[in-house]
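Scroll down for the structure; my scribbles are underneath it.
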């Protein structure tokens, strides 16, 4: 029995996470769900968007499934997402991009692996007379870890190529460090992977014009955040973008979309990203057959059962989830 910390969060988070749990329940009885609060509800009840008891529960369970939180403006806002990524040392963000809704003629199947704890997301900003200076951190330890993780993931997934995306032509020291470590690490593999590197601006353009040419991308924090959203738009939008935050001991899986408060409670949110994130979590927990069952059920639901509202179909959150559950049970 695996224990899962469920963080439903704000906006559409509770809706899509409940859908994901329903699908997981259809493929396995070996999960125990422990609920904890995060985001605005936690702030109202406990004065913190990531209370200490929530963080404790996250460390005590086998993995976490997270919905979304609504960000607040102002200098006092402390992002619970950036905080749990840092405190749990979730240094690798993995975002698969697949055309699971069958929208394109050519196959798109990309793994974007993003450094998840440094870069501009450290939040170190200093006011100066002319405005604000933001401190960007790229450490030897961070680039070694993320490059090693991406290469190992590429090999474990049976993939043939990996591309390092950077801006070392301008950021010669920081991105240069990242690029040098990538080249050193792939050279040690003696040709087991086809390795390349590309500037982030040209990579963004290529993701739009010919995404099928990418296999595995490894990149730094801000670049990965942007590129994964671009890639998701190519296959239908953020409603199709699952992700995992993975560290040495802990993990949090989440849809890459936000809390979308404008559509919360209307039953129209696409739960696909949350459902696929749950499948990623099951694979991480050593349940690959159940993970494959979920992925197949989602793919078949789009191929034969209809389309969600966000891509011009008629299926709302509940109807689509019911379609996936039915196909998951039949497939099992």
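Name the strands (runs of 3 or more DSSP E) wholly inside the stretch 124-168 in which the number of residues that are without any contact (Cβ under 8 Å) to a residue 12 or more places away in the chain and surrounded by fewer than 18 Cβ atoms within 10 Å (Cβ to Cβ) is 1 or more. Passing ranges, in order: 125-128, 131-134. Annotation: residue 192 fulfils all but one of (1) in the same structural domain as residue 148 (by TED's automatic domain parsing); (2) surrounded by fewer than 24 Cβ atoms within 10 Å (Cβ to Cβ); (3) at pLDDT 95 or above; the unmet one is (3). Residues of the stretch 93-126 being more than 19 Å from residue 174 (Cβ to Cβ) and touching a strand residue (DSSP E or B) at 6+ places or on another chain (Cβ under 6 Å), which ones? Once the filter is applied, which keeps residues that are more than 19 Å from residue 174 (Cβ to Cβ) and touching a strand residue (DSSP E or B) at 6+ places or on another chain (Cβ under 6 Å), the stretch 93-126 yields 94, 95, 96, 97, 98, 109, 110, 111, 112.
If you go through the stretch 294-314 and keep only what is out of contact with any strand residue (DSSP E or B) (no Cβ under 7 Å at 6 or more places or on another chain) and either within 16 Å of residue 97 (Cβ to Cβ) or buried (at least 22 other Cβ atoms within 10 Å of the Cβ) (or both), you end up with 294, 295, 297, 298, 299, 301, 302, 311.
This table checks each residue for (1) touching a residue at least 60 places away in the same chain (Cβ under 8 Å); (2) outside the structural domain of residue 25 (by TED's automatic domain parsing).
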{"position": "170", "(1), (2)": "no, yes"}
{"position": "179", "(1), (2)": "no, yes"}
{"position": "186", "(1), (2)": "no, yes"}
{"position": "217", "(1), (2)": "yes, yes"}
{"position": "263", "(1), (2)": "yes, no"}
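Somewhere in the stretch 270-293, is a residue over 20 Å from residue 65 (Cβ atoms) and out of contact with any strand residue (DSSP E or B) (no Cβ under 8 Å at 6 or more places or on another chain)? Within the stretch 270-293, none of the residues are over 20 Å from residue 65 (Cβ atoms) and out of contact with any strand residue (DSSP E or B) (no Cβ under 8 Å at 6 or more places or on another chain). Could you tell me whether any residue of the stretch 217-226 is surrounded by fewer than 18 Cβ atoms within 10 Å (Cβ to Cβ) and within 30 Å of residue 275 (Cα to Cα)? Yes - at least one qualifying residue is present in the stretch 217-226. Here residue 208 meets each of (1) in contact (Cβ under 8 Å) with a residue 60 or more places away in the chain; (2) in contact with a helix residue (DSSP H, G or I) (Cβ under 7 Å, 6 or more places away or on another chain) with one exception, condition (1). Of all residues in the stretch 139-168 being over 21 Å from the mean Cα position of the chain (by Cα) and at pLDDT 95 or above, which is nearest to residue 203 (Cα to Cα)? So, considering only residues that are over 21 Å from the mean Cα position of the chain (by Cα) and at pLDDT 95 or above, the one nearest to residue 203 (Cα to Cα) is 167.
Within the stretch 60-113, the set of residues being over 19 Å from the mean Cα position of the chain (by Cα) and either at pLDDT 95 or above or crowded, with 21+ Cβ neighbours inside 10 Å (or both) comprises 60, 61. Look at the stretch 1-25: where a residue is assigned by TED's automatic domain parsing to the domain that holds residue 287 and a partner is part of a helix (DSSP H, G or I) and modelled with pLDDT under 95, sitting 6+ places away or on another chain with Cβ atoms under 6 Å, you get 10/40.
Name the residues in the stretch 1-18 that are assigned to a loop (DSSP other than H, G, I, E, B) and under 21 Å from the mean Cα position of the chain (by Cα), would you?
Correct list: 10, 11, 12.
Listed conditions (1) within 30 Å of residue 141 (Cα to Cα); (2) not in a helix (DSSP H, G or I) are all met by residue 277, apart from (2).
The values are calculated or read from the model by the stated rules, or taken from the named source; none is laboratory data. If you're wondering where the values come from, they're calculated on a predicted model, not measured in any experiment. Glycine gets a Cβ as well: all are built from the backbone with ideal geometry, and neighbour counts include every protein chain shown.
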